[in-house]
Number of protein chains: 2
Amino acid sequence: MIQVAILGLGTVGTGVARVMEENAKQIEHKLGEPLRVKTILVRHFKDGPYRRLMTDDFRQIEEDPEIRVVVETIGGVGAAYEYTKRALAAGKHVVTANKQLVAERGCELLELAREKQVRYLFEASVGGGIPILHPLTQCMAANRIDEVYGILNGTTNYILTRMVRMGTSFEDALAEAQAKGYAEADPTADVAGIDTGRKTCILADLAFGQQVDPEEVPMEGITGLSLTDVKIAHRAGYRVKLLGRALRLPGGGHTAYVAPHLIPEENPVSNVEDVFNAVVVRGNATGDVMFYGKGAGALPTASACAADVMECLQAGPRQQESTWSSGTAGFEDPMELSSRHYFRIAGTLSEAVTAFGNVEVLAENGETAFLTDSISGRDALRLSKDLNVRASMRVLA
Amino acid sequence: MIQVAILGLGTVGTGVARVMEENAKQIEHKLGEPLRVKTILVRHFKDGPYRRLMTDDFRQIEEDPEIRVVVETIGGVGAAYEYTKRALAAGKHVVTANKQLVAERGCELLELAREKQVRYLFEASVGGGIPILHPLTQCMAANRIDEVYGILNGTTNYILTRMVRMGTSFEDALAEAQAKGYAEADPTADVAGIDTGRKTCILADLAFGQQVDPEEVPMEGITGLSLTDVKIAHRAGYRVKLLGRALRLPGGGHTAYVAPHLIPEENPVSNVEDVFNAVVVRGNATGDVMFYGKGAGALPTASACAADVMECLQAGPRQQESTWSSGTAGFEDPMELSSRHYFRIAGTLSEAVTAFGNVEVLAENGETAFLTDSISGRDALRLSKDLNVRASMRVLA
């Protein structure tokens with residue numbers, strides 16, 4: 001009998017307990033012995049099926065030698081950070097879906113885990129139930145990873161899908177997402193791109209092996225996005241999607257950022273709709289590989305946590321757990337990155353041509369919408385400084 | 001310095017040597033020490049960059065205590081089977097892309113590896129460079145896997161894409177695929193569905209934990225496919241794709257088969273074109289998760305082999321390597337499986353209605369093309385026995 005503890009009993013915590021119960025047969029078959037939730041840390045006791053497992057004292061978990069794995073589902077960096085450190089220090093494996101904690105403190109916690117010969121795993125922190133971090137770090141380990149990008153937030157993708165399909169405004173689509181339970185009452189972390197940004201940092205950390213500080217990563221969400229641009233893009237064969245991108249640069253450095261992009265409709269990512277997520281990993285040997293599925297939800301996320309628990313128990317410490325170093329060298333401003341740019345200006349085509357030279361016109365209707373040739377973000381800003389810019393976005397090649 | 005050997009120096013073998021050379025920096029960084037190809041087994045010596053590593057005597061590898069991992073790229077079940085057994089018996093890890101050997105002898109070889117405390121890994125045998133077996137067995141380990149299906153053969157998918165897009169006949173599209181090097185001179189294993197069938201067996205073995213014998217799995221390829229049906233399906237909002245499917249049945253058993261299907265255009269798999277592969281795994285917690293990329297090619301396949309080599313060296317033997325048992329219990333005939341069926345008959349709508357009751361007409365033009373309600377394969381056969389059937393296929397729900 002293998003005993004585990006869960007910290008927190010919100011959506012994910014409850015999901016972990018449920019998955020371990022419902023799929024107990026599969027899990028026992030693979031582990032060779034049954035897995036049991038022994039203790040659940042809560043702030044306030046409440047009635048329910050897990051009442052007899054609850055404690056409000058973390059020491060009951062920390063000091064229990066029977067508990068081998070702790071699943072942290074508290075979220076944030078306060079208590080979650082504290083308890084994770086204490087659990088690792090006590091020689092217990094820790095598994096989490098907490099993207100904020102991993103993005104901000106993952107490197108330090110991995111270091112501590114290594115030192116204590118235990119594991120700190122967080123597959124569920126990116127893409128919910130979609131396997132992405134293990135495939136990136138293990139299955140594609142013999143590649144140089146040149147780029148990782150994707151639709152990493154279901155809420156914003158749902159909103160964008162409604163805008164494209166139904167011509168709904170951002171505000172109305174957000175209200176709809178909230179009514180359906182896809183968006184929080186305070187949707188800031190989602191719509192401002194912060195959630196996508198944290199996940200992008202984790203992907204960048206693992207892809208490039210260097211710490212990418214969320215503070216350094218420009219994050220632009222979809223709050224400023226106008227239906228006008230979504231429609232112009234659509235007619236021209238592009239879909240507007242919020243992407244997190246992490247790229248290796250030709251000079252050897254790397255960059256990361258979050259922003260809405262125009263994606264050509266031939267790219268499979270442009271067809272990712274509603275609350276689905278998709279992550280593309282570009283390896284120098286594999287080419288583009290895409291991982292696709294529902295990126296959120298209690299059960300998918302919980303099943304990824306449960307699989308990480310099994311991984312801790314089956315494989316033991318790896319020779320080199322991770323090559324995520326604490327150094328932050330090599331991070332460059334994404335403004336240096338070149339791509340085609342979309343602009344909508346309150347101005348004429350001739351003003352656009354004067355500023356950018358060659359452009360591809362998408363719409364002329366009082367305002368002018370156009371695509372530039374491939375230029376750096378810095379040049380896009382510099383060349384457009386005398387124009388009356390209503391909207392601008394990068395185009396994914 | 002970690003020493004490995006490669007058996008065979010064809011496309012994949014050469015690719016493995018190249019990937020280990022080109023990505024040596026990444027690999028060394030992750031392993032903590034350099035990886036070197038020490039010996040390559042060939043049948044005939046030939047000049048080239050690897051000339052000094054060649055041997056034609058397997059004992060030079062078998063008896064070399066420095067060689068820790070053997071990469072088998074011979075293919076087939078003859079020498080490959082023999083050498084794999086001897087390498088495992090000699091206490092060396094073995095990694096392969098050989099789907100025929102894994103489908104036919106995988107269970108026995110895993111058993112031997114377990115006994116010798118080494119690993120037998122074959123991520124590259126399904127989907128080339130796309131991570132699929134590790135995600136299925138590890139990242140989704142806390143799920144009950146209810147279905148795995150996918151486009152598993154790039155050659156046939158290229159042919160089907162040409163037929164849909166350009167209205168090319170099967171014969172012309174095959175000739176084109178051969179001219180481009182996508183199809184072998186003898187394309188039987190591809191177009192008859194045998195390659196897809198072997199990969200489907202491996203997916204079924206791992207998903208359900210029971211040996212699925214390739215001999216028992218009905219495999220229908222695309223040789224009999226008519227452009228007429230591809231066009232009728234396309235106009236009705238379906239794409240015709242060759243699918244391998246492995247399903248858990250409601251009664252607790254499981255089944256597997258290979259056949260062309262009509263796929264609704266809303267399903268992302270319907271948009272998988274050219275030589276791309278896609279595999280969908282349906283877990284009871286995660287829902288549908290899709291893995292997508294180029295399923296073949298020397299470098300992608302080689303990079304998956306190289307990652308498996310790294311996995312052997314990093315993680316050591318797992319507590320329970322695999323739950324693929326040698327029992328074949330639970331396999332049922334896919335004829336029991338229900339789905340909608342597509343038929344084209346030389347006959348009238350009223351004949352179709354007489355045979356099937358309710359039908360959805362797709363085309364009437366001398367012949368009649370229609371979809372039935374959901375019925376078992378057995379009923380589809382029985383109810384159509386008095387009709388003049390020109391074509392029939394299952395519809396993916």
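The values are calculated or read from the model by the stated rules, or taken from the named source; none is laboratory data. Remember, it's a predicted structure, so these values are computed and weren't measured experimentally. Here the Cβ is made from the backbone with ideal geometry for all residues, glycine too, and neighbour counts use every protein chain on show.
Checking A:Ala207, A:Ala285 one by one, the residue that is more than 19 Å from the chain's Cα centre (by Cα) and in contact (Cβ under 8 Å) with a residue 60 or more places away in the chain is A:Ala285 and no other. Among the conditions (1) at pLDDT 95 or above; (2) in contact with a helix residue (DSSP H, G or I) (Cβ under 8 Å, 6 or more places away or on another chain), the only one that B:Gln211 does not satisfy is (1).
In the list A:Thr301, A:Thr354, A:Thr368, which residue meets the criterion of being of a type outside the set (Lys, Arg), surrounded by 20 or more Cβ atoms within 10 Å (Cβ to Cβ) and more than 26 Å from A:Thr96 (Cα to Cα)?
Working: A:Thr301 fails: more than 26 Å from A:Thr96 (Cα to Cα); A:Thr354 fails: surrounded by 20 or more Cβ atoms within 10 Å (Cβ to Cβ).
It is A:Thr368.
Taking A:Ala24, is it surrounded by fewer than 22 Cβ atoms within 10 Å (Cβ to Cβ), in contact with a Pro (Cβ under 8 Å, 6 or more places away or on another chain) and over 26 Å from A:Thr196 (Cα atoms)?
Numbers: surrounded by fewer than 22 Cβ atoms within 10 Å (Cβ to Cβ): yes; in contact with a Pro (Cβ under 8 Å, 6 or more places away or on another chain): yes; over 26 Å from A:Thr196 (Cα atoms): yes.
Spelling it out, A:Ala24 is indeed surrounded by fewer than 22 Cβ atoms within 10 Å (Cβ to Cβ), in contact with a Pro (Cβ under 8 Å, 6 or more places away or on another chain) and over 26 Å from A:Thr196 (Cα atoms).
Given segment A:11-105, what strands (runs of 3 or more DSSP E) lie entirely inside it while holding 3 or more residues that are of a type outside the set (Ser, Thr, Tyr) and away from chain B (no Cβ under 14 Å)? Can you show your working first?
On the way: elements: A:35-41, A:67-72, A:93-96.
Of the strands (runs of 3 or more DSSP E) lying wholly inside segment A:11-105, those with at least 3 residues that are of a type outside the set (Ser, Thr, Tyr) and away from chain B (no Cβ under 14 Å) span A:35-41, A:67-72.
When segment B:137-164 is filtered for residues that are surrounded by fewer than 24 Cβ atoms within 10 Å (Cβ to Cβ), facing chain A (nearest Cβ under 9 Å) and not in a loop (DSSP other than H, G, I, E, B), the ones remaining, listed by number, are B:Thr137, B:Gln138.
Every condition in (1) in contact (Cβ under 8 Å) with a residue 40 or more places away in the chain; (2) within 10 Å of another protein chain (Cβ to nearest Cβ); (3) surrounded by fewer than 24 Cβ atoms within 10 Å (Cβ to Cβ); (4) more than 30 Å from B:Glu21 (Cβ to Cβ) is met by B:Pro264 except one, and the failing one is (2).
Put simply, of B:Arg119, B:Arg86, B:Arg114, B:Arg105 the only residue that is of a type in the set (Lys, Arg) and within 22 Å of A:Asn143 (Cβ to Cβ) is B:Arg119. What do you reckon, is B:Glu273 more than 11 Å from chain A (Cβ to nearest Cβ) and touching a Ser or Thr at 6+ places or on another chain (Cβ under 9 Å)? No.
Matching residues to (1) within 21 Å of the chain's Cα centre (by Cα); (2) in the same structural domain as B:Tyr257 (by TED's automatic domain parsing); (3) buried (at least 21 other Cβ atoms within 10 Å of the Cβ):
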{"site": "B:Arg18", "(1), (2), (3)": "no, no, no"}
{"site": "B:His29", "(1), (2), (3)": "no, no, no"}
{"site": "B:Glu33", "(1), (2), (3)": "no, no, no"}
{"site": "B:Arg36", "(1), (2), (3)": "no, no, no"}
{"site": "B:Asp57", "(1), (2), (3)": "no, no, no"}
{"site": "B:Glu63", "(1), (2), (3)": "no, no, no"}
{"site": "B:Thr96", "(1), (2), (3)": "yes, no, yes"}
{"site": "B:Leu101", "(1), (2), (3)": "yes, no, yes"}
{"site": "B:Ala113", "(1), (2), (3)": "no, no, yes"}
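Whether any residue in segment B:16-36 is farther than 17 Å from B:Val309 by Cβ, in contact with a helix residue (DSSP H, G or I) (Cβ under 9 Å, 6 or more places away or on another chain) and not hydrophobic (A, V, I, L, M, F, W, C) is what I want to check. No.
Within this structure, B:Ala296 fails the test of being within 24 Å of A:Val309 (Cβ to Cβ), under 19 Å from the mean Cα position of the chain (by Cα), within 14 Å of chain A (Cβ to nearest Cβ) and of a type in the set (Gly, Ala, Ser).
Restricting attention to segment A:178-220 and to residues that are of a type in the set (Gly, Ala, Ser) and out of contact with any Ser or Thr (no Cβ under 7 Å at 6 or more places or on another chain), the residue that is surrounded by the fewest Cβ atoms within 10 Å (Cβ to Cβ) turns out to be A:Ala185. Residue check: is B:Ala302 modelled with pLDDT under 95 and within 11 Å of chain A (Cβ to nearest Cβ)? When the stated conditions are applied, B:Ala302 does not pass them. Per the listing A:Ile194, A:Ile202, the residue uniquely more than 14 Å from chain B (Cβ to nearest Cβ) and farther than 30 Å from B:Leu313 by Cα is A:Ile194.
Collect the residues in segment B:122-136 that are among the hydrophobic types (A, V, I, L, M, F, W, C) and at the interface with chain A (Cβ under 8 Å from one of its Cβ atoms), keeping them in residue-number order.
First, the residues of segment B:122-136 that are among the hydrophobic types (A, V, I, L, M, F, W, C): B:122, B:124, B:126, B:130, B:132-133, B:136.
Result: B:Ile130, single match.
Report, by residue number, each residue of segment A:175-206 that is aliphatic (A, V, I, L, M) and within 17 Å of A:Ile151 (Cβ to Cβ). Step through it out loud before you land on a result.
From segment A:175-206, those aliphatic (A, V, I, L, M) are A:175, A:177, A:179, A:183, A:185, A:189, A:191-192, A:194, A:202-204, A:206; that's our starting set.
A:Ala177, A:Ala183, A:Ala189, A:Val191, A:Ala192, A:Ile194, A:Ile202, A:Leu203, A:Ala204, listed by residue number.
Of all the residues that make up segment A:139-159, how many are in contact with a helix residue (DSSP H, G or I) (Cβ under 6 Å, 6 or more places away or on another chain), farther than 26 Å from A:Met219 by Cα and not small (Gly, Ala, Ser)? Adding up the residues that qualify gives 2. Cβ-Cβ distances below 6 Å connect the following pairs, each with a first residue in segment B:160-177 that is in the same structural domain as B:Gly193 (by TED's automatic domain parsing), a second residue that is surrounded by fewer than 20 Cβ atoms within 10 Å (Cβ to Cβ) and of a type in the set (A, V, I, L, M, F, W, C), and a separation of six or more residues or different chains: B:Met163/B:Leu227; B:Ser169/B:Leu227.
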